[in-house]
1. Calculate the length of the line joining the C-alpha centroid of region 11-44 to that of region 209-248, in whole Å.
2. What does the C-alpha gyration tensor say about the overall shape of region 4-147? Classify as rounded when a/c is under 1.5, otherwise prolate if a/b is larger than b/c, or oblate.
3. Sort the following peptides by mean Cβ neighbour count (other Cβ atoms within 10 Å, averaged over residues), highest first: 80-91, 118-129.
4. Which of rounded, prolate, oblate describes region 146-237, given a ≥ b ≥ c as roots of the alpha-carbon gyration tensor eigenvalues and a/c under 1.5 marking rounded, otherwise prolate only if a/b is larger than b/c?
5. Could you check the spin-label model distance between residue 14 and residue 94? Points 7 Å from the Cα along Cα→Cβ, value in nm.
6. Would you mind getting me the FRET efficiency between residue 239 and residue 64? Use the beta-carbon distance for r and R0 = 35 Å, nearest 0.05.
7. Among 157-168, 97-108, what's the highest-first ranking by average C-beta atoms within 10 angstrom per residue?
8. If you take every residue apart from residue 14 with its C-beta less than 13 Å away from the C-beta of residue 14, what net charge results, scoring Lys and Arg +1 and Asp and Glu -1?
Amino acid sequence: MKMQVFLPLATYPDANSDAVAANAVAVAVQLHADLHVLALHAKIPEVSTAFSHLLLDVPARIREAEAISRQAGGRLLAKVVEEGTRQGGSVTTASAAVLLAMQGEAAAEHARYFDLAITGWEPHNGTARMIAEGMIFGAGRPVMLLPDSASAATIEHIAIAWDGSRVAARAVADAMPLLARASKVHILTVVDEKPLKPSDDGERLAVSLRRRGLNADFAAISAEDCPIAVTLQDQAIERGADLLVMGGYGHSRVRDFVLGGATDGVLSDLRMPILMSH
């Protein structure tokens, strides 16, 4: 059965950069998956006031913003198709007009029909973050965050952030298609961040993965005074990992969105590709 991968594209006010095209296609190719791409075009409702037409020409400004969004979406879709041809990947494209405030929810709804969702990421791109948060906490599917600063051309070494929790276990299960192809797997447990039970020992997970034929090892690491998100990413990068797998802690936006420390830290300072499950 062929995997199906979903990529939503941010177009307005902060569009994804072209780097997402090469990274997304590269991930799909490594998974021998079909890549389905959806450009989320901005839909902006007109809010009329007595003076809006006289002072601001609101309708014209709305048309201009929506045109900019469609232009960005068209450029990004063309870039993904170009990368699909270059890398030999299977790519289909579509677009949808979505209210700006609903883009995260719309992306999550679409992502539910696929095996994996991926999204491009760059610092200070509020639209990309909204889409990522919507999918992580609303899709019920694993989400891979692909920073523009890192390449996803080869995912051979994988690190797993492990604390014995339900969301960590879910993330490992969701990452199995990638773990099965990995040449090395590193289990990382931060031992000074919160109390852990003896049964949460990452060595148990390493043994479990080795029984499946994976080349897995375990390391207990210390965060000390460093943010846990930075510690996990730095330790993963130090070990040569191409991807970090971790659980996403938090609640839905419609329930007063609250992020766990590691999740918020990763979303605020993404240094490498990360597969996150909630």
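Every number here is computed from the coordinates shown, using simple stated rules; none is lab data. On a predicted model such as this, the values are computed, not experimentally measured, just so you know. Note that we place each Cβ from the backbone using ideal geometry, even for glycine, and neighbour counts take in every protein chain shown.
1. Taking the Cα centre of region 209-248 as reference, the centre of region 11-44 is 26 Å away.
2. It is prolate, given that a/c is not under 1.5 and a/b is the larger ratio.
3. Numbers: 80-91: 17.2, 118-129: 20.3.
By packing density, highest mean first, the sequence is 118-129, 80-91.
4. Verdict is oblate for region 146-237.
5. A separation of 2.7 nm, rounded to one decimal place.
6. Efficiency, rounded to the nearest 0.05: 0.15.
7. Per-residue mean Cβ counts within 10 Å order the peptides as 157-168, 97-108.
8. Details: positive: 129; negative: 122, 148.
Value of the local net charge: -1.
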